[in-house]
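Novice: Below: one structure in C-alpha cells.
Nothing in this text is a laboratory measurement; each read-out follows from the coordinates by a stated rule. On a predicted model such as this, the values are computed, not experimentally measured, just so you know. Neighbour counts run over all protein chains shown; Cβ positions are idealised from the backbone, glycine included.
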Amino acid sequence: MQNGILYIHTKNIRKLLAETAFKIYNKKPKNLIAVTGTNGKSSVADFYYQILRLNNKKVASIGTLGVKSKSINLNLSNTTIDPITLAQILSRLKSQKIDNVIMEASSHGLKQNRLDGLKFNSGIFTNLSQDHLDYHKNLKNYLNAKLYLFKNLIHKKGNVITDQLIPEFKNIKKITINKKLNLYSLNDKKNDLEVISHNYKGDSQSLRIKLNNKTRDINLNLIGKIQLKNVLMSIIAAKHSNISLDKIINIISKLKPVEGRFEKIGKIKNQSNVILDYAHTPDALKTCLLNLREQFPNKKITVLFGCGGNRDQNKRAKMGKIADLYSDQIYLTDDNPRSEQPSKIRKDIKKGIKKQKVLEFTSRARAISKAIDNLNSSEILLVAGKGHETVQEIGKKKIFFSIYLSFKFETNF
C-alpha cells in the first residue's frame, strides 16, 4: 500500500493476469481438455466435439475454428485467446451447463501464460515440427513452450494422451512420471482399443479394430491416413469423458471432415477432386501430399500454395522442395503476405524447387480458378495453406477471401 493505493508486485504480469481472471470468473466447466502440437490440433478438437455431440453430450470446443457449441458460436482472433476473454467464455459455457470443453493450446498462448490458472483433466500432444521459429527462435524453445502444458497445467492424476512413435514421447513420458500423471498413447493396451488393419475405399477408409477383445469393422468417411491418428486421440479423450468405447465406436462412421482440414470441397464433372487443407508448415504439407499419394496412388496431384509474410522465413524453401518432390504440378501464389513483398516470398519458396516448372500467380483467386480449369479426368488439386480462413492479409488490409464462397463447386462443375 502506497499513498492509499494497493500495488501488486510481480515478475510475470501475464501470468498474474491469467490467474486473476480465472479466479474472478471462477465458474468453469468440470472437464477441461487441452490439445497442443504443431499440426492436428483443430482436427483432434473437432473430432472430440463431434463424438460427444453425436452421443448427446453437452460439449464445446475453443480454438482456431472459434468457439463451437450447440448454442454459442463465436469467431476468435487467435488460437488461444487472451485470459480475460477466455475466462468469460468458459463462465458462459458453464452457465449453459456445458461441462466438457476441449481447447487448442498454442505455443504462443502457453509461452505467454494465457492458460495459467486453469487445470486440465487431460492434455493431448499431437506432434512437433518446424513452425513459429520467428517467435521461438529454435525448436528447443518451441518444444518447451508446448511442454509447459504438461509440466504445469494438468490436474494431479490427470491424463496425458500422445503418440509413442514421435521423438518427443520420451520427454512427455518423463514429465508424466515426475508429475504422477496417467499416460495414454496410441496403440497402448490400456486403451482397450487396437487397430488391426487399415484399407482405403475411394474417398473413405475401412478399419478393423479390436475393442475390449472383440473385433469390429468400421468405416471412416475421411480422406488422409493422418486422420486416423487424430480420430484415435479424440477417442481416447472421449473415453476419459465418461463415454463408453462401444458408444464412441458406434458413431465413428458419422464423423465429418473438419473445416479446411483434408476437406473435399468439390468434385468436378470429369471426376477430379479439389481438396482444401490448412497445411502451412513443411511437415504438414509433406504429410498431406504423401497421404494423398498413398490413398490415390495412380492419380496426378497438383498442389497450390504460398507462405505467410512476417513469419518463419526459413521454412519457405523447405516447403518448395516438398512440393517439388511429392506433387506432379505446382501453382505458386500468395498466402497472407502481410507487410512483406509477395514476390519476395514466392522467390524464397522457389529456391527449393529444382525440377518442376512453376505456374505463378499474384492473385490467389486467379490461381485457384486456373488450377481447376486445367484439371484433367480423375486428377486431384490440393489447395494448401489457408484452410478455413475467410480473409487474406495483404499489407495492412484484411481482404475478404473464401474458397467456399468464391467457388461454388457442384458435381457438374
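Novice: Which value, in debye to the nearest 20, describes the size of the charge dipole of the range 1-77 about its Cα centre when Lys and Arg Cβ atoms bear +1, Asp and Glu Cβ atoms bear -1, and nothing else is charged?
Specialist: Dipole size: approximately 240 debye.
Novice: Taking neighbour Cβ counts within 10 Å as the exposure measure, how do Ile349, Ile102, Ile166, Ile226 sort from fewest upward?
Specialist: Values: Ile349 25, Ile102 30, Ile166 18, Ile226 21.
Least to most surrounded, the residues fall as Ile166, Ile226, Ile349, Ile102.
Novice: Read phi for every residue in the range 47-57 and hand back ³J(HN,Hα) as whole Hz from Karplus 6.51 cos²θ - 1.76 cosθ + 1.60, θ = phi - 60°, with x for Gly and Pro.
Specialist: Each residue's phi maps through the Karplus curve to give 5, 4, 4, 5, 4, 5, 4, 5, 9, 6, 9 Hz.
Novice: Next question. Restricting to the chain, what percent of DSSP beta bridges are antiparallel, rounded to 5?
Specialist: 45
Novice: Label points 7 Å out from Cα along the Cβ direction at Tyr200 and Asn144: separation in nm?
Specialist: About 4.2 nm, to one decimal.
Novice: Shifting gears a bit: What do you get for the angle between helix 83-95 and the principal long axis of the chain? Use alpha-carbon atoms, 0 to 90 degrees, nearest ten.
Specialist: Orientation of helix 83-95: about 80 degrees from the principal axis.
Novice: For the pair Arg208/Glu360, report the inter-label distance in nm, with labels modelled 7 Å from Cα in the Cβ direction.
Specialist: It is 5.1 nm.
Novice: Using a Förster distance of 41 Å, how high is the FRET efficiency between Ile13 and Asn242, based on the Cβ-Cβ distance and rounded to 0.05? Mind dumping the intermediate values first?
Specialist: Values: r = 38 Å, r/R0 = 0.92.
According to the calculation, E is roughly 0.60.
Novice: Can you list the residues, at least 5 places off or on another chain, whose amide H is less than 5 Å from the amide H of Val35, using H built in the peptide plane?
Specialist: Under 5 Å from the amide H of Val35 lie the amide H atoms of Met103, Glu104, Ala105, Ile124, each far enough along the sequence or on another chain.
Novice: Using R₀ = 25 Å, calculate the FRET efficiency as 1/(1 + (r/R₀)^6) where r is the Cβ-Cβ separation of Asn152 and Asp188; round to 0.05. Let's see the in-between values first.
Specialist: Numbers: r = 24 Å, r/R0 = 0.96.
After rounding to 0.05, the efficiency reads 0.55.
Novice: Over the residues of the range 263-406, compute the C-alpha Rg and express it relative to 2.2 N^0.38 Å.
Specialist: Scaled against compact globular proteins, the figure is 0.97.
Novice: Here's another thing I want to ask about it. Going down the table (Lys299/Lys351; Lys264/Lys351; Lys23/Lys57; Lys11/Lys190; Lys68/Lys269), which pairs top 32 Å between alpha carbons?
Specialist: Lys11/Lys190; Lys68/Lys269, as the Cα separations exceed 32 Å there.
Novice: So, one more: Which whole-number percent is the relative contact order of the chain (Cα, under 8 Å, 6+ apart)?
Specialist: The value is 14 percent.
Novice: Calculate, in whole percent, how much of the Cα-Cα pair population of the range 15-55 lies beyond 16 Å.
Specialist: Value for the range 15-55: 57 percent of Cα pairs lie more than 16 Å apart.
Novice: Oh, and also: Report, to the nearest 10°, how far helix 13-24 tilts away from the longest principal axis of the Cα atoms in the chain, using its own Cα long axis and a range of 0 to 90°.
Specialist: 70
Novice: I need to check one value: relative contact order of the range 76-156, counting alpha carbon pairs closer than 8 Å and at least 6 residues apart, in percent. Could the numbers behind the result be given before it?
Specialist: Details: 53 pairs, mean separation 28.5, N = 81.
Result for the range 76-156 is 35 percent.
Novice: Tally Lys/Arg at +1 and Asp/Glu at -1 over every other residue whose Cβ is under 11 Å from the Cβ of Leu276; what's the total? Each step should come with its number before you reach the end.
Specialist: Values: positive: Arg261, Lys264, Lys386; negative: Glu259, Glu263, Asp277, Glu389.
Neighbourhood net charge equals -1.
Novice: Amide H neighbours of Asn127 under 5 Å, counting only residues 5+ apart in sequence or on other chains, H built in-plane at 1.01 Å?
Specialist: Thr38, Asn39
Novice: Where both partners of a DSSP beta bridge lie in the range 13-254, what percent of those bridges are antiparallel, to the nearest 5?
Specialist: Around 50 percent antiparallel, to the nearest 5.
Novice: Quick check: pseudo-label points 7 Å beyond the Cα along Cα→Cβ at Ile218 and Ile24, how many nm apart are they?
Specialist: Here the answer is 4.3 nm between the modelled labels.
Novice: From the square roots a ≥ b ≥ c of the eigenvalues of the alpha-carbon gyration tensor of the range 200-245, which class results: rounded (a/c under 1.5), prolate (a/b over b/c), or oblate?
Specialist: Here the range 200-245 falls in the oblate category.
Novice: Using all alpha carbons of the chain, what is the percent of pairwise distances in each 10 Å bin, ordered from the shortest bin to the longest?
Specialist: For the chain, the pair-distance distribution reads 4, 21, 31, 26, 14, 3, 1, 0.
Novice: Further, regarding this structure: Listed highest first by mean packing, meaning other Cβ atoms within 10 Å per residue, what order do 285-292, 252-259 come in?
Specialist: 285-292, 252-259
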